[in-house]
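Written below as structure tokens is the structure these notes are about.
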Amino acid sequence: MYIVQVTMMRKNLSGSKLLLPEELRFQNVTESRLTIHEVYDRILNFMASDPRAAYHFVIGTDSQGFNGYTKFVTGIIIRRMGKGAWACYRQVVVPRELTSLKEKLTMETALSQEVAYYFVDGAIQRMEEVLLPFVYQGASLDLFIDIDAGTEPTINKTSLYVEEMIDRVKGMGTYLARVKPDSYAASAYANRHTKKPVRFKKRQGLV
């Protein structure tokens, strides 16, 4: 039988230190199965190659429903403003098709927060240390969680839940929340990687 491997959050998103679960792996077009520490290294190396630049560090999640499951993709982007970017993403599969808009948006936001918390302890400080000697030469770092929702009711059905999701991000105290049309990490990068169906491996037993 074909079984979906589901990656679940190991603790609630209360700000406590998270364990590094075995399932926490990232990929992009050139690399696969990157650990969170390898992601740190890629980001730091990218920033160190031009430490006088302005950077946006952005995390965002989008989802796509398929027959019998829902695929969530969380993107991580370090963007050198006007000069390129490095990015990767994590995939999570839920073995049912989520039909509630609020449930999908809530899980998207929670998955973004989960990944974002892995950077709060030390990683963001290391990113800032790369830029610190050059702050008077234009270096800067802004931190965002992108929410795949908009505020215009006539365009975005998700507008009913925007304020709640923004409050969740604000409660972290580290990241700024962005919504459409500015939330490109969720609505563009992550969205692109949700479209391809998951190829399940044949496994015995239950998840």
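The values are calculated or read from the model by the stated rules, or taken from the named source; none is laboratory data. Not measured: the values here are computed from a predicted model. So basically every Cβ, Gly included, is an ideal-geometry build from the backbone, and we count neighbours across all protein chains shown. We work out accessible area using only protein heavy atoms, side chains counted, and drop any ligands, DNA or RNA first. Shrake-Rupley method; radii C 1.70, N 1.55, O 1.52, S 1.80 Å.
Here each label is just a point 7 Å from Cα along the line to Cβ, and for residue 41 and residue 54 those points are 3.2 nm apart.
The coefficient of translational diffusion for region 128-168, derived via Stokes-Einstein from the alpha carbon Kirkwood radius under 20 °C and 1.002 mPa s, stands at 167 µm²/s.
Please give the charge dipole size of region 69-207, origin at the Cα centre, charges +1 on K and R Cβ atoms and -1 on D and E Cβ atoms. Round to the nearest 20 debye. All intermediate terms of the calculation are to be shown ahead of the outcome.
Values: 21 positive and 15 negative charges, 205 e Å.
Computed about the Cα centre, the dipole is about 980 debye.
Between residue 29 and residue 174, 0.36 nm times their residue separation minus their Cα-Cα distance comes to what? Each step should come with its number before you reach the end.
Working: separation 145, 0.36 × 145 = 52.20 nm, distance 2.89 nm.
Here the answer is 49.3 nm.
Site pair residue 125 and residue 103 shows an inter-label distance of 4.0 nm when each label is modelled 7 Å from Cα along Cα→Cβ.
Across 162, 115, 94, mean-square fluctuation computed from a Gaussian network of the chain (C-alpha pairs under 10 Å connected) peaks at 94.
For the chain, lysine pairs with C-alpha atoms less than 14 angstrom apart, excluding pairs fewer than eight positions apart on the same chain, total 6.
Scaling against 2.2 N^0.38 Å puts the C-alpha radius of gyration of the chain at 1.03. Running a GNM on the chain with Cα contacts under 10 Å, which residue among 144, 26, 66 ends up with the highest mean-square fluctuation? Sorting by GNM fluctuation, first place goes to 66. Over the chain, DSSP H runs of length four or greater, each weighted -39,500 (n - 2.57), average out per residue to a 222 nm ellipticity of -8000 deg cm²/dmol. The DSSP beta bridges internal to the chain are antiparallel in roughly 70% of cases. Most mobile of 67, 45, 191 per a Gaussian network model of the chain (Cα springs, under 10 Å)? Comparing 67, 45, 191 in a Gaussian network model of the chain, the most mobile one is 67. Every Cα-Cα pair in region 37-101 was counted, and those over 13 Å apart are 67% of them.
Diffusion coefficient of region 81-197 by Stokes-Einstein, Kirkwood radius over Cα pairs, 4 °C, 1.567 mPa s: 82 µm²/s.
With a 1.4 Å probe and all protein chains left in place, how much accessible area per residue does region 103-142 have, in Å²? Provide the component values of the computation, followed by the final result.
Numbers: 1800 Å² over 40 residues.
So region 103-142 comes to 45 Å² accessible per residue, rounded to a whole number.
Across the chain, Cα pairs under 8 Å and at least six residues apart give a relative contact order of 28 percent.
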